[in-house]
1. Taking L22 as the residue in question, decide whether it is within 20 Å of the chain's Cα centre (by Cα), more than 10 Å from the ligand (Cβ to nearest atom) and exposed (fewer than 15 other Cβ atoms within 10 Å of the Cβ).
2. Can you name every residue in segment 49-102 that is small (G, A, S) and within 10 Å of the ligand (Cβ to nearest atom)?
3. Testing A36 on (1) in contact with a Cys (Cβ under 8 Å, 6 or more places away or on another chain); (2) at pLDDT 95 or above; (3) away from the ligand (no atom under 16 Å from the Cβ), one condition comes back false. Which one is that?
4. Checking E218 against (1) of a type in the set (D, E, K, R); (2) farther than 20 Å from L268 by Cα; (3) more than 16 Å from the ligand (Cβ to nearest atom), only one condition comes out false. Which one?
5. If you take the residues in segment 277-335 that are in contact with a helix residue (DSSP H, G or I) (Cβ under 6 Å, 6 or more places away or on another chain) and of a type in the set (K, R), which one is least open to solvent (accessible area, probe 1.4 Å)?
6. Please pick out the residue among S128, S208, S178 that is within 16 Å of the ligand (Cβ to nearest atom), surrounded by fewer than 17 Cβ atoms within 10 Å (Cβ to Cβ), modelled with pLDDT under 95 and assigned by TED's automatic domain parsing to the domain that holds F230.
7. May I ask you to verify whether T295 is hydroxyl-bearing (S, T, Y) and more than 22 Å from Q204 (Cα to Cα)?
8. Please go through segment 221-249 and give me each residue that is surrounded by fewer than 19 Cβ atoms within 10 Å (Cβ to Cβ) and farther than 18 Å from W189 by Cβ, ordered by number.
Amino acid sequence: METLFPFGFPTPTAFYLTLYVLTFVLHQALMHYVLAGSGYLAWCNLVPGDGETPRTAQPLAKILRDWMPFALSAAITAGVAPLLFVQIVYPTEFYTANLLLWWRWMIVIPVLIVVFYLLYLVKTRRYSEWSFLARTSIAVFVSACFLFVGFCWTANHLISMHPDKWPGIYETGRTELSNMEVLLRMLIWTGGAFPTMCLMAAWQLPPSSTDSQIRLEEWRLARAALGGLFLATLAGIVYLVRLDDLSRGLILGSLGGPYLGITILGLLVQGGLWFLILQRGGRPVYRVILSGGCTLALVGASVLRETIRLAHLDLEKLASHHEQAADIGGWLVFLVMAVVNVAVIGVCVVMVRRGLASQE
Ligand code: HEM
């Protein structure tokens, strides 16, 4: 493990690892929108502000509320691909963690179903007429549910990395994880979710920076993004310092080092740009540069996350399993289904566009 990720592994292992990380990046970006977006909506309900129009009725909150059900379905769909690849790369570890998590794992899908319908409810006019208590309770509940789902994925990931803890977890039924490690990972995820969500929301805002309301929303986005970046970076540094020597060595060495560099560069670009937006307001070109910075940070962080797992699990033992999986084939079926699905999605987009055009 002295070579840059993923080149030091046999070809089938490197192939599945690469697909896993790339598809995970997509899930991560969409999950960030949902996690941070629901947090922002909960905050807007809790602190509506003392202006004429409450924060919940201002453009940013409206956009997030409108897009949240779609974003959730996109985050879930984008979770399927890494879910498939993680099962190929680490089959025993992943399934064992699922079983050991027991009800905390089984409850994830029911929780997501409930939240999905609540997100539609939140978009209705009837919801906006309910009392402060009812609206706020629902918004906070939705946000807490996403945090819980994130916690379940973190717990599953950590359990899968610690086979030495499996007998103890089986006997006691408790996750036996270090609270500090879980907390730090959750802080990295939730903090890191804000810059990604703010960037996506910035693309969704109307481009006119002369409109004072839009400038206010950009300023809010910049503050939230900078706060999230600060939190995630701080938690990330503490996490790195507390890591075991082997994991830290791989992150700082030739396997993960360049990805650490990419992550830092992505964070600096985002921090600098959001600071500029906070000071001088947004410009369309900023969004483009921010997107580049955000992509670098997401890819870099995903590889670093994988580097820690590689320090705990012996992938060489699994190489023959990856080779077998690569021999199974199925490319033709995959390509046919991909073409059919892209065509179906295309038809849906055309139908929605026509529907919207006929309403205008
Ligand atoms: C919107 C609700 C969801 C949230 C907030 C969420 C959050 C997360 C978080 C925080 C992680 C990283 C955990 C860590 O490294 O500490 C993660 C990983 C992951 N999530 Fe999601 N997730 C959601 C839904 C889903 C769904 C429905 C799927 C599957 C269809 C999924 C698939 C995955 C996969 C495959 C991983 C990587 C697991 C691993 O490498 O061990 N997620 N998710």
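The values are calculated or read from the model by the stated rules, or taken from the named source; none is laboratory data. Source: prediction; values computed, not measured. Ideal geometry is used to build each Cβ from the backbone, glycine not excepted, and the neighbour counts take in all protein chains shown. The area values use the complete protein model at the heavy-atom level, side chains included, leaving out ligands, DNA and RNA. Shrake-Rupley method; radii C 1.70, N 1.55, O 1.52, S 1.80 Å.
1. Considered against the rule, which asks whether it is within 20 Å of the chain's Cα centre (by Cα), more than 10 Å from the ligand (Cβ to nearest atom) and exposed (fewer than 15 other Cβ atoms within 10 Å of the Cβ), L22 comes out as yes.
2. Passing the criteria: A71, S73, A74, A75, A78, G79, A81, A97.
3. In the conditions (1) in contact with a Cys (Cβ under 8 Å, 6 or more places away or on another chain); (2) at pLDDT 95 or above; (3) away from the ligand (no atom under 16 Å from the Cβ), A36 misses (3) alone.
4. Evaluating E218 over (1) of a type in the set (D, E, K, R); (2) farther than 20 Å from L268 by Cα; (3) more than 16 Å from the ligand (Cβ to nearest atom) leaves (2) as the failure.
5. Among those residues, the one meeting the criterion is R309.
6. S178
7. Details: hydroxyl-bearing (S, T, Y): yes; more than 22 Å from Q204 (Cα to Cα): no.
So T295 does not fit the description; no.
8. Hits for segment 221-249 are R223, V241, D244, D245, L246, R248, G249.
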